[in-house]
Amino acid sequence: MIRSHWLCGLFLFAISCLPALGVEKESPAGLRSGVLMGMKIDTIAQDGDKARVVTTGAEFILERTGRIRCFQRIPQRREVAQIEIPPGTPPLRLEKQNDFACIFSTKGISLTFQGDSLVIIRAAEEDVKLGVKGLFQAAYQAEKQGKWLFIDGQGGFGIYPTGEKKTNHPDVHQDAWGIAYTMRKGEEIWLSVFPPRPYNWKRAYEDLMAHEGSEGPFTYPSTALIQSAARYCQVMVVHSWVWPGGDRAPWQIPAFVPKDRKQFDRVRDDLHRAGMKMVPYFSPYYYTGKDFFAEVRRALEEYKVDGLYFDGVTMDFRTSYEIVRKTRQMLGDDRILFRHCTSDPLASARIYCPFIDTYCDYIYRGESGRAKLELDDFLRWTLSGYNISNAVGYWVYTGSTGKPGYVLQAPTREHIDAALRHEVRLPRTEIGYEYHLAWKPHDGHLEFFDKYYYGELARVRKSPKK
């Protein structure tokens, strides 16, 4: 939530509320299906007790020794990790497969490989010891409760056990390093190789975003404001004030029904006439009704919006994954999913889940500061999705200017340069997310932002990192 209390509120999410979202946990034997955003299984090849699985963004080679070699394929092929399952567990048997996933099983273990380059390892019948070896020198690493993220400029991998784990801290400056895990019966470890899909250069350079909506007379962006934004942007995010409950603390929204349907439709139609897309606030986290996905369906079918803005989802990574993936399924590939995820789903601003982010067109981070990172590290490794999830990263600038707290300040030249250097974007705002005329104390700064930011973006676009 673009509000100062948002980070604290997310820690209070109760998993018991999840049925209201319409999400049920898949059974262990379940197999997800459906190709979304081009992420799929390309090849499954089995030769005796060996096998090879190729996805859009990764390749996995299952050797008869129990070793699983993990390669990323984007932007270029390289081996990033190896998973060592206990000796004596093979041979592996292919149990099920479809266009998106396949399951191999062996004594006490099941292995699910997915088109989004996830490997889900489940201790099916007994406790299991396994190891994960990293094969590159990570430029960035983050850890919480045994969950790890390892990244360099080309990609990387993450490890996400479903239970809390204490692990050794590897020396990632070596050519090879490892982490050991003990999985209790019924537990899972999700290993994510990334990036899972190609970067969307059109979203990054053409489908630029404005973020508007505030209280009082600024709840519904005016026709004039929309026409002004359309000079530079193709997408407008309209904030929570349009929904009953989204206009006051504690920001709980029982139903996504506009307070003023006539004005809501006017904003959408003005945006469409201006060649822009409407993406309204639509937070699973703050929803208190009975069926979140019925609300999504109504927004798409009745309100005719062009996408959704998720302001937080849950603090459970498996549940967040299911919600985001199901929403993408409903949106299709062309409509927009923009997700604010400063700290969810792992209650951390340093470690996150690229396998969730990849289902979003844009991600939004930085509300709670820079997580004690230097500016370049903060921008490259936590905000930018480039060669990580390959979602386009946007900066919640007012929450991480480098000054303490939430600062009413427009982006500086130095920060614009830094953002573009790391393939990070900034939203345009004339009124402000919640402030009356957010940039008014900086008279003339909007003109500077329009000229400098969009001018530099056009210059960088001439020689992108394709």
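The values are calculated or read from the model by the stated rules, or taken from the named source; none is laboratory data. Note that this is a predicted model, so its numbers are computed, not measured. Don't worry about glycine lacking a Cβ; one is built from the backbone with ideal geometry, like all the others, and counts go over all protein chains shown.
Structure data summary
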| item | result |
| --- | --- |
| Residues that are small (G, A, S) and out of contact with any Pro (no Cβ under 8 Å at 6 or more places or on another chain), drawn from the range 116-153 | A123, G131, A138, A139, A142, G153 |
| Of all residues making up the range 161-219, the number that are over 18 Å from the mean Cα position of the chain (by Cα), charged (D, E, K, R) and assigned to a loop (DSSP other than H, G, I, E, B) | 10 |
| Verdict on F104 being in the same structural domain as T182 (by TED's automatic domain parsing), assigned to a loop (DSSP other than H, G, I, E, B) and among the hydrophobic types (A, V, I, L, M, F, W, C) | no |
| Residue within the range 384-393 that is within 16 Å of V460 (Cβ to Cβ), aromatic (F, W, Y), within 15 Å of the chain's Cα centre (by Cα) and buried (at least 22 other Cβ atoms within 10 Å of the Cβ) present | no |
| Near pairs, Cβ below 9 angstrom, 6+ apart or cross-chain, from the range 449-460 (touching a residue at least 12 places away in the same chain (Cβ under 8 Å)) to any residue that is assigned to a helix (DSSP H, G or I) and loosely packed, with under 15 Cβ neighbours inside 10 Å | Y452/R413; E456/D417; V460/R421 |
| The lone exception for F282 - which of (1) farther than 19 Å from F338 by Cα; (2) surrounded by 21 or more Cβ atoms within 10 Å (Cβ to Cβ) it fails | (1) |
| Members of the range 42-88 that are touching a Gly at 6+ places or on another chain (Cβ under 7 Å) and either under 17 Å from F136 (Cβ atoms) or in a strand (DSSP E or B) (or both) | T55, Q72, R73, I74, V80, A81, E84 |
| Residue in the range 375-383 that is β-branched (V, I, T) and touching a Cys at 6+ places or on another chain (Cβ under 7 Å) present | no |
| Hits in the range 355-388 - residues which are part of a loop (DSSP other than H, G, I, E, B), under 22 Å from D306 (Cα atoms) and of a type in the set (S, T, Y) | T358, Y359 |
| Near pairs, Cβ below 8 angstrom, 6+ apart or cross-chain, from the range 130-144 (more than 16 Å from Y352 (Cβ to Cβ)) to any residue that is part of a strand (DSSP E or B) and hydroxyl-bearing (S, T, Y) | L130/Y181; G131/Y181; V132/Y181 |
| Residues of the range 302-328 satisfying the condition of being among the hydrophobic types (A, V, I, L, M, F, W, C) and either touching a strand residue (DSSP E or B) at 6+ places or on another chain (Cβ under 7 Å) or within 14 Å of F355 (Cβ to Cβ) (or both) | V305, L308, F310, V313, F317, I323, V324 |
| Of residues in the range 418-448 being loosely packed, with under 13 Cβ neighbours inside 10 Å and either among the acidic types (D, E) or part of a helix (DSSP H, G or I) (or both), the one modelled with the lowest pLDDT | P441 |
| So L118, is it in contact with a Phe, Trp or Tyr (Cβ under 6 Å, 6 or more places away or on another chain), at pLDDT 95 or above and assigned by TED's automatic domain parsing to the domain that holds F71 | yes |
| Yes/no for L331 being in contact with a Ser or Thr (Cβ under 7 Å, 6 or more places away or on another chain), surrounded by fewer than 23 Cβ atoms within 10 Å (Cβ to Cβ) and within 15 Å of M37 (Cα to Cα) | no |
| Residue among T288, T327 that alone is under 23 Å from A249 (Cα atoms) and polar (S, T, N, Q) | T288 |
| Test: residue in the range 232-243 that is aromatic (F, W, Y), surrounded by 23 or more Cβ atoms within 10 Å (Cβ to Cβ) and either assigned to a loop (DSSP other than H, G, I, E, B) or free of Cβ contacts under 8 Å to residues at least 40 places away in the same chain (or both) | yes |
| Filter result for W148 (at pLDDT 95 or above, over 21 Å from A371 (Cβ atoms), hydrophobic (A, V, I, L, M, F, W, C) and not in a loop (DSSP other than H, G, I, E, B)) | no |
| Which listed residue, of A124, A180, is exposed (fewer than 15 other Cβ atoms within 10 Å of the Cβ) and in contact with a strand residue (DSSP E or B) (Cβ under 7 Å, 6 or more places away or on another chain) | A180 |
| Qualifying residue in the range 162-179 (condition: over 16 Å from R69 (Cα atoms), basic (K, R) and free of Cβ contacts under 8 Å to residues at least 40 places away in the same chain) | yes |
| Residue list for the range 247-256, filter: crowded, with 17+ Cβ neighbours inside 10 Å and modelled with pLDDT of 95 or more | I253, F256 |
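Condition check ((1) assigned to a strand (DSSP E or B); (2) of a type in the set (F, W, Y); (3) in contact with a Gly (Cβ under 7 Å, 6 or more places away or on another chain); (4) modelled with pLDDT of 95 or more) across all residues:
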residue: P90; (1), (2), (3), (4): no, no, yes, no
residue: L94; (1), (2), (3), (4): yes, no, no, no
residue: L130; (1), (2), (3), (4): yes, no, no, no
residue: Q141; (1), (2), (3), (4): yes, no, no, yes
residue: F157; (1), (2), (3), (4): yes, yes, no, yes
